[in-house]
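Right, I'll just put the structure down here and ask away after.
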Amino acid sequence: MKRIAVIGGGIAGVSAAYELALQQRAGAPIEFTLFEATDRLGGTVETERKGEFVLECGPDSWVTEKPWARELAVELGLEDQIIASQDDHRRTYLAEGRTLQPMPDGMRMMVPFQWAGVLNSPLFSWQAKLAYLREPKIAEELKASALANHESSRDESVRDFVFRHFGAEVADTIAAPLLAGVFGGEIATLSARAVLGPYVALEREHGSLVLGLQRRLQEQAEQGKTPASVFTTLRNGLGGLIEGMEARIPDRSVRKRTAMNSVARAGGRWQLFASPSQTARQQPEDFDAVVLATPAKATARLLAPLDPRMAELLPQHSSSAIVAAFAFTPEQAREMRVPRGFGFLVPQRTGSAEPVADSSLDALAQRALLACTFVDQKFPHRAPPGAALLRVFFGGATAPGLLQEDNETLLSLAHRALGKILGKLPEPKISLVRRWPDSLPQYEAGHLDRVAELEARAATHSGLRLIGNAYHGVGLPDLIRAGRMAARAMIQS
Ligand SMILES: Cc1cc2nc3c(=O)[nH]c(=O)nc-3n(C[C@H](O)[C@H](O)[C@H](O)COP(=O)(O)OP(=O)(O)OC[C@H]3O[C@@H](n4cnc5c(N)ncnc54)[C@H](O)[C@@H]3O)c2cc1C
């Protein structure tokens, strides 16, 4: 009987444990235990249901294009829960002081596939518009540098990549807030290859991103592959994925409130030592194989005694996030001035690492505010008809300065920061706040090479697998897939 340990009960670890449970039920000769430090599974995935409101504390949806989250939902019997974002409301704004400027139509991230939206947008200066128009004309030059980069495996920052195509203004006005909304980080350090992989591939093929994107969309349309909506989620919240998987994992295979302190090799087996304060079991437990599904920092701590180089190869920085959500009744919503759309992003034009003159908490919150989602418009099923549900996302270099504040303070800071942009808001009927310290690993330039070396080293330790958001993407579909594949590989190896 092969004994397998999964350490870390976020979506990646739970997906691995769920797959192990399926294989066990199908007759695979295994025993397994999922160890989770806290008293609940899900990690960053957490849903609170209050009255008719569905409040996501962490992720709120997955990218429709990647099939693995949808496949899992169907497998768990949640097909009737699957809902698409309401894309006829799909407009994102950029907050410029107190004004919300719509992002132009006809764009994918910072790349236009139609000209009218960009050329008529007040968001860009004429210099930026000229830079956009020039990009297809320098396609050959861009392709040559892309091929040279590829051959020498050279990585560059997201900012440098976008700058080469469209100049500084587009990088700072559009790319920076879009990427900050996903990674909570700085485009000057994020890796283009790791974070903008599909765009780096487009550049290699076409040189021009504008021409490449136009070609790709045309091909998708011809093959009937254009997704109906960009984002997909579950009506009752993404927590449903965790609940569905947990229900199918035998109770005896889940050990919550058990933080693993260290992992060691002894006699060809893996010895796991739990933190003494969290479990009565002081003796190490032996396993044949270990899946580490912990966040980057915890993984580095666990791997360092085994192989210090592996710890160095993990992302060295992770950003922290704070999510605050406010629900308003239909009567209140009628008084509010929320425009039609999915939400807004806040450009960090000044560079959030610069010293700030005003160090008040309100100024800190204003600087840490990265984005707001108009949830009732993006996913109308998450709020009663006519009600409003707003979700605010704080992150970046200044967010850690807010983590120590109590819930009440954070909620009033978030409420005031939102009010500065959307106009004075009423007192919400329901509110919620969550802190996610060190939750988003920063894929800095050179990330993919480091991960390749890390995985090669991991492969030399028999029965060791690394999964989670530190390696090949932070999105839910990729993590579900990685968890399930790791489980299958464990059984086959
Ligand atoms: C605010 C926010 C919004 C996001 N929005 C989206 C979105 O809309 N769509 C999307 O696709 N992605 C989104 N993401 C990204 C995505 O949610 C995460 O990348 C993903 O949930 C991480 O899953 P994970 O399993 O790798 O790690 P985690 O969720 O961090 O789970 C790791 C688990 O390991 C446990 N652990 C840590 N140390 C130990 C130890 N020593 N022993 C035992 N257990 C341990 C932790 O308690 C935790 O439960 C968002 C992230 C954040 C922070």
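Enumerate the lysines that K66 could reach by cross-link, defined here as Cα to Cα under 25 Å, with residues fewer than 8 away along the same chain left out.
Excluding near neighbours in sequence, the set is K225, K378.
Per residue, how much accessible area does segment 318-441 show when a 1.4 Å probe rolls over the protein heavy atoms, in square angstrom?
Computed with neighbouring chains in place, this is 41 Å² per residue.
Shifting gears a bit: May I ask you to compute the full-extension gain from V63 to A264, defined as 0.36 nm times their residue separation minus their alpha-carbon distance, rounded to one decimal in nm?
Length difference between fully extended and current span is 68.6 nm.
For K2, give me every one of the lysines with a C-alpha distance below 22 angstrom, ignoring sequence neighbours fewer than eight places off in its own chain.
Once the sequence-local lysines are set aside, what remains near K2 is K256.
Taking every eigenvalue of the Cα gyration tensor of segment 368-463, multiplying by 5 and rooting it, what semi-axes result, largest first, whole Å?
37, 18, 13
Another question about this same structure. Compute the helix-to-body angle for 11-25: its Cα long axis versus the longest principal axis of the chain, expressed 0 to 90° and rounded to tens.
40 degrees
In addition: Heavy-atom accessible area per residue, segment 105-222, 1.4 Å probe: how many Å²?
With the other protein chains kept in place, segment 105-222 gives 44 Å² per residue.
Right, here's the next one. Using a 1.4 Å probe on the protein heavy atoms, what percent of the accessible area of segment 318-441 belongs to carbon and sulfur?
Of the solvent-accessible surface of segment 318-441, carbon and sulfur hold 53 percent.
Oh, and also: Could you state the angle between the C-alpha long axis of helix 407-422 and the longest principal axis of the C-alpha atoms of the chain, as a value from 0 to 90 degrees rounded to the nearest 10?
The angle comes out at about 30 degrees.
Per 0.36 nm of contour for each residue apart, how much would the distance between E427 and Q218 grow if the chain were fully extended, relative to their Cα-Cα spacing?
Going from the current span to full extension adds 70.5 nm.
Per 20 Å bin, what percent of the C-alpha pairs of the chain does each bin hold, from zero upward?
Calculated over all Cα pairs of the chain, the distribution is 22, 55, 22, 1 percent.
Only bridges whose two residues both fall in the chain count here: according to DSSP, what percent of them are antiparallel, nearest 5?
Roughly 70 percent of the beta bridges in the chain run antiparallel, per DSSP.
Bin width 5 Å, origin at 0, all Cα-Cα pairs of segment 11-167: what percent of pairs per bin?
Once binned at 5 Å, the Cα pair distances of segment 11-167 give 1, 6, 9, 12, 12, 11, 11, 12, 10, 7, 5, 2, 1, 0.
Per residue, how much space in cubic angstrom lies within the convex hull of the C-alpha atoms of segment 318-441?
It is 108 Å³ per residue.
Within segment 5-75, what whole-number % of the accessible surface is contributed by carbon and sulfur, with the 1.4 Å probe and all protein chains included in the calculation?
It is 50 percent, rounded to a whole number.
In bins 10 Å wide, starting from 0, what share of all Cα pairs of segment 105-222 does each bin hold, as a percent?
Pair shares across the bins are 14, 47, 34, 4.
The values are calculated or read from the model by the stated rules, or taken from the named source; none is laboratory data. These figures come from a predicted structure and were not determined experimentally. Heads up: the accessible areas ignore ligands, DNA and RNA and are worked out on the full protein's heavy atoms, side chains in. Shrake-Rupley method; radii C 1.70, N 1.55, O 1.52, S 1.80 Å.
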